[in-house]
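Trainee: Would you mind keeping the following structure in view while I ask a few things?
A short reminder: the numbers here are calculations on the coordinates, not readings from a lab. For clarity, every value in this text was computed on a predicted model and none was experimentally measured. Positions of Cβ are backbone-derived with ideal geometry, glycine not excepted, and every protein chain shown enters the neighbour counts.
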Amino acid sequence: MATENKPRVRFAPSPTGHLHVGNARTALFNWLFARQSGGTYILRIEDTDLERSEAQYETQLIADLKWLGLNWDEGPDAGGKFGPYRQSDRMELYHDYAKRLLREGKAYLCFCSAEELEAERKKALAAQLPPNYSGKCRAIDPAEAQKRRAAGERAAIRLHIPEHPIKFHDMVHGPVEFSNEVVSDPIIVRSSGMPVYNYVVVIDDAEMKITHVIRGDDHLSNTPKQVALYEALGWPVPEFAHLSTILGPDRERLSKRHGATSVANFRDMGVMPEALVNYMALLGWAPSGGTREEFTPQELVKEFSLERVTPSPAVFDMQKLYWLNRHYVAHRLTTAPQATIELALTFFTKAGYTPDHLDPKGLTWLQSVVTLLAPGVDKLEDLPARAAMIFKYDATAAKTSPDNAEVMGLEKTAAVIASFAKKVQSESGEITAERFKAIVNEVKAETGAKGKELFHPIRIVITGSHSGPEFDKLIPIIEQGAALGLPARVLSVKERTEAFNRG
């Protein structure tokens, strides 16, 4: 936990949908900054959009953040001395500060209707001017304005933007300045009584002693309004760091049309949280020195600095994520094999290959399947398709596949298959890897085939494809799997050979 002189940062999502990787990266950079500096990391739920906010989304985003390992020090479930940590529980506070701003003449009541404001906007655009609010309600005497509202006239509350440029420092973009002419007096409380985002976020950040605001650069244009609020309330302005936009391969803003974009999507696909965290850290940030790309969360904490965050947009490269995921799957198979196999089991079960639960013998067997096949897949959900050679042997498809046509047409293929089938049929019981190798050598001696002429036809008989895993690892898996009695029954080497000859 941070002391008072240590940084305090927050991640403040709205529970209006699934956690997008752009927002997740913001959460990560805040977490890395807090952990490296010994500061405090706060989770705050910004749920003032009552129509779109849903409890299920809050539950999901909390689960997503925990899955990523981004633990927080203060938040709706963790508590803290600056709570409550949901904006919907802080309404009285917002109204108190709005009354203060009105009282001090730094805000005023605006009685303009939506129709008046739209007409004003169109007029400004027609004159090729910024569609800013004219400020005509500023001239209303405050006492008169209060009488009108007391009489039942609806009014919003607007902040009076000062007559000077608004400046702030951004740790990514450097010094930033906005002319006051381009920042119209913003509404801070709607006529319905609902406070708006740019207002409540300042109140919350100040009340929670936030020292650094790290967020997406889509908020950059909001910042001058927020800085004006800090100044109006006499509060110190925090440091800002606006992170670059994440783009798809077409260099358009990353969205659902590019495929998976939410943390839940990637988790459901079988991407490891360490892989996603590692990859998100590389989106708009680079370590000092070298071209290293693999970092554990602990290593990221040690390496991370906001000074090395670039303002240039980052392009989301799915293939690089998958490359990292293969690395972390292999690492997990070594360091946490049981948890990894149980996770893989969910995908095999969904495919109808295995039951929901396997006994220890079955789990040991599945571990050998995953260890064999995982290096060839991008994500765990691809494992069942990769394992189809084990679970869904199809002799007819093996014979007729265009991919196998060249091998099936080789001069010695028929002799190799016939010799192999005859020898396998004479075997009784399980065929071990050693016995299988001996059989292949016997076929080699009998037919004179070697290399591709020998192994590819036999592989087609066994797996349905002329390429695949090494036989010394695959054969025991097939033979042991055949003895397990799984929902998708694994055929033994002998049964496959018989099926091929029948087909």
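Trainee: Under 15 Å from a point 7 Å along the Cα-to-Cβ line of Ala336: which residues of the stretch 20-64 have their amide N that close?
Mentor: Under 15 Å, as judged by backbone N against the label point of Ala336, lie 64 of the stretch 20-64.
Trainee: Whole Å is fine, so just give me how far the alpha carbon centre of the stretch 68-140 lies from that of the stretch 375-443.
Mentor: 69 Å
Trainee: For an R0 of 60 angstrom, estimate the FRET efficiency from the Cβ-Cβ distance between Glu406 and Leu50 and round to the nearest 0.05. If you can, show how the numbers build up before the last one.
Mentor: Details: r = 65 Å, r/R0 = 1.08.
FRET efficiency, Glu406 to Leu50: 0.40.
Trainee: Sticking with this structure for a sec: In whole Hz, what ³J(HN,Hα) sequence does the stretch 210-226 give by Karplus (6.51, -1.76, 1.60; θ = phi - 60°), x for Gly and Pro?
Mentor: 5, 9, 9, 9, 10, 7, x, 6, 5, 8, 4, 6, 7, 4, x, 5, 6
Trainee: Can you compute 3J(HN,Hα) from phi for each residue in the stretch 272-284, using the Karplus curve 6.51 cos²θ - 1.76 cosθ + 1.60 with θ = phi - 60°, rounded to whole Hz and x for Gly and Pro?
Mentor: With the stated coefficients, the stretch 272-284 comes to 6, x, 5, 5, 5, 4, 4, 5, 4, 4, 7, 8, x Hz.
Trainee: Largest first and in whole Å, give the semi-axes of the stretch 390-502's equivalent ellipsoid, each being the square root of 5 times a Cα gyration tensor eigenvalue.
Mentor: Details: eigenvalues 87, 56, 28 Å².
Computed over the stretch 390-502, the values are 21, 17, 12 Å.
Trainee: Compute the angle between helix 337-350 and the longest alpha-carbon principal axis of the chain, please, reported from 0 to 90 degrees and rounded to the nearest 10.
Mentor: In the chain, helix 337-350 runs at an angle near 90 degrees to the longest axis.
Trainee: Another one. Return the long-range amide H neighbours of Phe240 (sequence gap of 5 or more, or a different chain), with a cut-off of under 5 Å between placed amide H atoms.
Mentor: His169, Met171, Val213
Trainee: Suppose R0 equals 45 Å; then what is the FRET efficiency for Glu294 and Ala151 from their Cβ-Cβ distance, rounded to the nearest 0.05? Intermediate values should be presented prior to the final figure.
Mentor: Values: r = 67 Å, r/R0 = 1.49.
My answer for the efficiency is 0.10.
Trainee: Cross-link candidates for Lys444: which lysines have Cα within less than 16 Å, leaving aside residues fewer than 8 places away along the same chain?
Mentor: Lys412, Lys422, Lys423, Lys452
Trainee: For Ala107, enumerate residues with amide H under 5 Å from its amide H, sequence gap 5+ or separate chain, H modeled in the peptide plane.
Mentor: Amide H neighbours of Ala107, under 5 Å, 5+ apart: Leu102, His160.
Trainee: Tell me, what is the percent relative contact order of the stretch 287-369, built from C-alpha pairs under 8 Å that lie six or more residues apart? Don't skip to the end; give the middle numbers.
Mentor: On the way: 22 pairs, mean separation 15.8, N = 83.
Reported as a whole number, the value is 19 percent.
Trainee: For the chain, what does -39500 (n - 2.57) per DSSP helix run (n ≥ 4), summed and divided by total residues, give at 222 nm, in deg cm²/dmol to the nearest 500? The partial results should precede the final answer.
Mentor: Details: 22 runs with 237 residues, N = 503.
That calculation yields -14000 deg cm²/dmol at 222 nm.
Trainee: Using the structure shown, list the pairs from Lys66/Lys350; Lys6/Lys225; Lys167/Lys209; Lys136/Lys209; Lys379/Lys437; Lys450/Lys494 with a Cα-Cα distance above 30 Å, or answer none.
Mentor: Details: Lys66/Lys350 25 Å; Lys6/Lys225 26 Å; Lys167/Lys209 21 Å; Lys136/Lys209 35 Å; Lys379/Lys437 32 Å; Lys450/Lys494 22 Å.
From Lys66/Lys350; Lys6/Lys225; Lys167/Lys209; Lys136/Lys209; Lys379/Lys437; Lys450/Lys494, over 30 Å: Lys136/Lys209; Lys379/Lys437.
Trainee: For Ile431, Ile478, what ranking results if the residue with the fewest other Cβ atoms within 10 Å of its Cβ goes first?
Mentor: On the way: Ile431 19, Ile478 23.
Going from sparsest to densest Cβ surroundings: Ile431, Ile478.
Trainee: Something else about it: What does the convex hull of the Cα atoms of the stretch 90-243 come to per residue, in Å³, rounded to a whole number? Present the calculation step by step, with values, prior to reporting the outcome.
Mentor: Details: hull volume 18.5 nm³, N = 154.
It comes to 120 Å³ per residue, whole-number rounded.
Trainee: Roughly what percent of Cα-Cα pairs across the stretch 1-90 reach past 14 Å? Present the calculation step by step, with values, prior to reporting the outcome.
Mentor: Details: 2502 of 4005 pairs.
Here the tail beyond 14 Å accounts for 62 percent of pairs.
Trainee: In percent, what relative contact order does the stretch 90-243 have, based on Cα pairs under 8 Å that are 6 or more apart in sequence?
Mentor: Computed value for the stretch 90-243: 24 percent relative contact order.
Trainee: Every cysteine in the chain with no other Cys Cβ under 4.7 Å from its Cβ, please list them in numeric order.
Mentor: When partners are defined as cysteine Cβ atoms under 4.7 Å apart, the chain leaves Cys112 without one.
Trainee: Turning to a different aspect of this structure: Taking neighbour Cβ counts within 10 Å as the exposure measure, how do Leu28, Leu372, Leu93, Leu276 sort from fewest upward?
Mentor: Numbers: Leu28 27, Leu372 19, Leu93 16, Leu276 23.
By the 10 Å Cβ count, ascending, the order reads Leu93, Leu372, Leu276, Leu28.
Trainee: Right, here's the next one. Order these peptides, 121-134, 454-467, by their mean beta-carbon neighbour count within 10 angstrom, highest first. Can you show the working numbers first?
Mentor: Details: 121-134: 12.0, 454-467: 21.1.
Result, highest mean first: 454-467, 121-134.
Trainee: Here is a further query. Suppose a student asked you for the relative contact order of the stretch 170-263, using Cα pairs under 8 Å spaced at least 6 residues apart; what percent would you report? Write out the running numbers ahead of the final one.
Mentor: Working: 81 pairs, mean separation 28.3, N = 94.
Worked out over the stretch 170-263, it gives 30 percent.
Trainee: If you don't mind, there's one more thing I want to ask. For the Cα atoms of the chain, what angle does the longest principal axis make with the long axis of helix 197-207, in degrees from 0 to 90, nearest 10?
Mentor: On a 0 to 90 degree scale, this one is about 90.
Trainee: Evaluate the distance, in nm, between pseudo-label points positioned 7 Å from the Cα of Arg103 and of Lys122 along their respective Cα→Cβ axes.
Mentor: The two pseudo-label positions are separated by 4.2 nm.
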